[in-house]
Amino acid sequence: MTGEETLPSRPWTTGTRLGWNLALLSLTLVVRLIPAWALQTEVADIEAYHDLGRSVLRGDNIYALRLFHYSPYSQFLLAWAVRIADATGWRFDFVVKLPSILADCGTSLLLFAVLSRSGATRKSALFWSLAWALNPVAILSSAFHGNMMEILPVLILAAYYVLEAASRSHDRDLLLPLSALLLGIAIAVRPYPILLLPIFLFFGRVRVIPVFAFLALLPSALSSLPYFLHARQVFLREVLGYQGMTDFGWAAVIRAMSYALHDKKIFSFDQQAVSDSQRLFLGAYSLFLLTLPFFRTSSLGRALLIPPLLFFTLYTNVSAQYLIWVLPIALALRDRLSLFYTAAATAAMVLFYSIYQHEVLYGRFPRLLPDNRTVALAYALANIALLAVCCYWVFRILREEMGFFLREPGTSSLARSLPPRFIRVYTGFVSLCLGAWLIQLVLVARRAWHVAAVTLS
Amino acid sequence: MRHRLRRRLLLLLIAALVGAVVAPAVSGWKLIAAYAALPRVEAVVERTVPLASGRITPRASGQEIVVAPDGAIFVADLHGGRLLAYPAGTPESGVVLAGPPRGPLLRSWAIALTPDGAIALLEASTGLVHFFTRSGDFLRKAQLTDPGARAMAIDAVGNIYVSQPDKGVRKFLPDGQPDSLWGDAATPGLAPFDEVVGLAAQPDALYVALSTTRELAVLDSRGRLRHRRRLMGLAGMLSIAPDGSLYMTEFATARVWILDRSGRIQGRVVGAGGDETLFFQPRGLAVLRGKKLWVMNDSFLTLYSLRGPP
């Protein structure tokens, strides 16, 4: 399941494995608990979570506050955070970060387990697990920002690992529903993993698709159904109407340059450009799904990286916490690009917070970076670096998979299931779709150029 | 043996996950079903009065409103710094009573009527209460609270209640003197509370909407706490209906709540068929006889006709 060839190393003994697990767990905890405890600031998402948690405890409709745009599944986590904070006297901003921090610990341990069982050397397993435990993007998301998105990595990584294990296990009948439920809970917490569902379905077997899809959609459907029945208008307005914030990606470059050049902070972006970029992303995503049959049957992990990378590259409204999406699988694959990605994303996050939400980064402490035009320029450059890494990453994965398909067609599911004549027809169809998407890309790029020219002139 | 143990473990894990799926769904179902079961009063729009109408320009941003027995509406225009009047309750009758261009800015959240028909306007930037006649003539002003105050109410005998930022609510007698017999024993003349965003007065009770704790406090005629009820939503501006029930707007969620005399939730006001988009950033409100409700929505006043219990 890894992307690298590895030589076998000395086997792990139970004692050393346990020792390293404990060390990883402690390290992951400590580097997150310290800032989470020390910052003592209730701002941005944390402030909203406090309001939402209190609303849930009082029996209010969580969607009424216009701050919650997901399935209602995770609402009781917020309510429990309020209860625990009230009962213990701990600050709410610390308590509400604990689920994310604990999820990060789970991801560290799971990564270590995945890597140690997949043929990685000891050093390699430890290095890539530490790359998560000490990952600044993960730490910023869970211990500083405190967004609930941080619960997702452990669930997605677990779903991925279990599905991979199912392909070579006698317990496939149990592992598949387990993978589906893990993915389903992730979708219920935040809807982003829905983009990964078609990939899971594709790499599972055709026979299990209906059951897998049913179980993966069950948690969100089950928790949303009563809201659909009893409070449909407000529920649909909030769940379908949210488009995110223009904090990272290509639109953030325009936003940052406006500040750097004209000392003018932009807080909302051109809505037409947002809608255009949404369509462009969905087009690219659909096109990517069409290319899945060219992927090797063992490339589930690499395929799972593409949707978030396309999202970061093409969509205008990328929030800070979204940047975590790509990391757990990339680290499990021991992909070195994840290190470049981490560097660019960390710089972009730190600079973004310094300009727009310095309380998230510095809490009650004096700020280290000023809010000025130089920092804005650095923020623009960091976003450009992030975009470059994402673009190259997508390109590299697709190039390698297509290369494998051309060199060893037998490794792809398309070649296994279709005769060569139909493969040519299918390839022609995908090329046609690619052409249509490229036209869409040119049109959106022209409009984006116009928006940039107007904004920066 | 090991294989069987492994399968049992997997089954246990699946069962735990199913539990983790079902439990929040059931709790959520109970929660939203109870919310949906709250009694609703349906409201139908009868008339809309844009604030910028009649002789009022430019666009205004109304906060609290008060309606005289003859139907005249008075509005505290916060951003315009004006006192607006709609004597006939129609767009054409709109007129500026105080503030630009007739006088200096009077940025105000709160407005109330005295028993003799004068209009009291609480200036947020100074804490001064300005009194005007209904034709806009200035009568007097009194320093009753601190800058930043947002809520004021006057009862049927002319007692004035004003919020004092970060301190609570103060009571003044009709002659403007503080009532030192009223309030908490430790703080004569003051009932201590956190941030107060709404006040409504009856001869035997004062209702205080508290934003930080999301509560409604009910004080007796001596200013002692009678009830302190947790609100389901956020606290907002208050108005007492002719039947004694209490109406409260919720700005952020665009809702209007109905509460009983003790501050318990009685229901909500919704549009026809349960429409939740009836209000838009509602602020001040006034409930009239004949089940009529005026609400200050964003930049327009709307008159609703209420149907059904409670």
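The values are calculated or read from the model by the stated rules, or taken from the named source; none is laboratory data. Here the structure is a predicted model, which means the values were calculated and not measured. Every residue, glycine as well, gets a Cβ built from its backbone with ideal geometry; the counts of neighbours run over all protein chains shown. Accessible surface areas use protein heavy atoms only, side chains included; no ligands, DNA or RNA. Shrake-Rupley method; radii C 1.70, N 1.55, O 1.52, S 1.80 Å.
Expressed as a whole percentage, what fraction of the accessible surface of chain B belongs to carbon and sulfur atoms when a 1.4 Å probe is rolled over the protein heavy atoms? Taking all protein chains in place, chain B shows 58 percent carbon and sulfur surface. Distant-in-sequence amide contacts of A:D371, defined by a placed amide H-H separation under 5 Å and a gap of 5 or more residues or a different chain, comprise nothing. Computed from backbone phi, the HN-Hα couplings of segment A:369-386 come to 9, x, 9, 9, 6, 5, 5, 5, 5, 4, 5, 4, 5, 5, 5, 5, 4, 4 Hz, rounded to whole numbers (Karplus: 6.51 cos²θ - 1.76 cosθ + 1.60, θ = phi - 60°; Gly and Pro given as x). At full extension, A:F365 and A:L236 could sit 42.4 nm farther apart than now, given 0.36 nm per residue minus the alpha carbon distance. Counting Cβ atoms of other protein chains within 10 Å of each residue's Cβ and taking the mean over peptide A:75-81 gives 2.
Summary value for chain B: 15 percent relative contact order, contacts being C-alpha pairs under 8 angstrom separated by 6+ residues.
Applying the Karplus relation 6.51 cos²θ - 1.76 cosθ + 1.60 with θ = phi - 60° to segment A:134-139 yields 3J(HN,Hα) values of 9, 5, x, 5, 5, 5 Hz, where x marks Gly and Pro. Charge tally for B:D243 (other residues, Cβ to Cβ under 11 Å; Lys, Arg +1; Asp, Glu -1): +2. The length gained by stretching the chain between A:R336 and A:W449 to full extension, at 0.36 nm per residue less their Cα-Cα distance, is 37.4 nm. Here the extension length gained between A:F422 and A:A343 equals 24.1 nm, from 0.36 nm per residue of separation less the Cα-Cα distance.
With K and R counted +1 and D and E -1, the other residues having a Cβ less than 14 Å from that of A:L314 yield a net charge of +1.
Please say if chain A is rounded, prolate or oblate, where rounded means a/c under 1.5 for a ≥ b ≥ c the square roots of the C-alpha gyration tensor eigenvalues, and otherwise the choice is prolate for a/b larger than b/c and oblate otherwise? Here chain A falls in the rounded category. Shape class of segment B:41-307 from the alpha-carbon gyration tensor: oblate, with a/c at 1.5 or above and b/c at least as large as a/b.
Inter-label distance, A:L290 to A:R83: 5.0 nm, where each label sits 7 Å from its Cα along the C-beta direction. In order along segment A:274-285, phi translates into HN-Hα couplings of 5, 5, 4, 5, 5, 5, 5, 5, 4, x, 5, 5 Hz, rounded to whole numbers, per the Karplus curve 6.51 cos²θ - 1.76 cosθ + 1.60 with θ = phi - 60° and x for Gly and Pro.
Under the criterion of Cα pairs below 8 Å and six or more residues apart, the relative contact order for chain A equals 19 percent. Electrostatic tally near B:V44: other residues with Cβ closer than 14 Å to its Cβ, Lys and Arg +1, Asp and Glu -1, net +2. For A:S224, A:S457, A:S286, the ranking by accessible surface with the largest value first comes to A:S457, A:S286, A:S224, using a 1.4 Å probe. Modelled label positions at B:L38 and A:Q40, each set 7 Å beyond Cα in the direction of Cβ, lie 3.6 nm from each other. Peptide packing for A:409-418, A:230-239 was compared via the average number of neighbouring C-beta atoms within 10 Å per residue; ordered from the highest value, the list is A:230-239, A:409-418. Computed with a 1.4 angstrom probe on protein heavy atoms, the A-B interface buries about 3300 square angstrom of accessible area in total. For the protein assembly as shown, the solvent-accessible area with a 1.4 angstrom probe is 42 square angstrom per residue.
Round to the nearest 10 and give me the degree value, 0 to 90, for the angle of helix B:2-36's Cα axis relative to the longest principal axis of chain B. Result, in degrees: 30.
Report the residue, chosen from B:K30, B:K167, B:K141, that carries the largest GNM mean-square fluctuation when chain B is represented by alpha-carbon nodes joined by springs under 10 Å. The residue that fluctuates most here is B:K30. Under the criterion of Cα pairs below 8 Å and six or more residues apart, the relative contact order for segment B:1-97 equals 19 percent. Rounded to the nearest 500, the 222 nm mean residue ellipticity of the protein assembly as shown from helices alone is -15500 deg cm²/dmol, with -39,500 (n - 2.57) taken per DSSP H run of at least 4 residues.
The amide H of B:L128, built 1.01 Å from its N in the peptide plane, has B:E123 as neighbours under 5 Å, considering only residues 5 or more places off or on other chains.
Is the protein assembly as shown rounded, prolate or oblate when judged by the Cα gyration tensor, a ≥ b ≥ c being the square roots of its eigenvalues, rounded requiring a/c under 1.5 and prolate requiring a/b larger than b/c? It comes out prolate by the Cα gyration axes.
In chain A, carbon and sulfur make up what percent of the accessible area (probe 1.4 Å)? Ligands and nucleic acids excluded, carbon and sulfur reach 68 percent. Would you mind pulling out the separation of the Cα centroids of segment A:343-387 and segment B:166-234, in Å? Using only Cα atoms to place each centre, the spacing works out to 45 Å. Contact residues in segment B:1-16 by the 50 Å² criterion (accessible area, 1.4 Å probe, full protein complex versus chain alone): B:R7, B:L10, B:I14.
Packing, taken as the mean count of other beta carbons within 10 Å per residue, orders the peptides A:435-447, A:52-64 from highest to lowest as A:52-64, A:435-447.
Packing order of peptides B:279-291, A:151-163, highest average first: A:151-163, B:279-291 (average count of other Cβ atoms within 10 Å over each peptide's residues).
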